[in-house]
Amino acid sequence: MTPFLSVAAALSALNVLLLVALGVVWARNYRAFRTPLTLGLLGFAVVLAIENLVALSFFFSMGMLYTGSAAAQQAVLAMRALQFVAILFLTIVSMR
């Protein structure tokens, strides 16, 4: 696996960890308040965590999909980094 894809895989793993933390917070909030918004946030966390887990499986089992192009690897890394920043902001705001 190339360095770009290794970092992208690490970011996907971090995204899953942050999404699990968010899911716990939002599940507690849903049990307490029973609002559709918190249920929607919980659904968002679950779907995005599944997407990151699928991405991890592709990084480790089908890395050849990205190995042909350095530009594709950089784009994958950039998208994972942007997703990490967005989830990090959500985590910081939700934990306060």
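Here, each number is a calculation from the coordinates, and none is a lab measurement. Predicted, not measured: the structure shown is a model, and the values here were computed from it. Here the Cβ positions follow ideal geometry from the backbone for every residue, glycine too, while neighbour counts run over all protein chains shown.
A few notes on this one:
- Among residues of the stretch 67-84 that are without any contact (Cβ under 8 Å) to a residue 60 or more places away in the chain, those with a beta-carbon under 8 Å from a residue that is in a helix (DSSP H, G or I) and of a type outside the set (Lys, Arg) at least six positions away or on a different chain give the pairs Ala72/Tyr66.
- Identity of the residue in the stretch 23-50, in contact (Cβ under 8 Å) with a residue 12 or more places away in the chain and within 11 Å of the chain's Cα centre (by Cα), that ends up farthest from Ala78 (Cα to Cα): Val46
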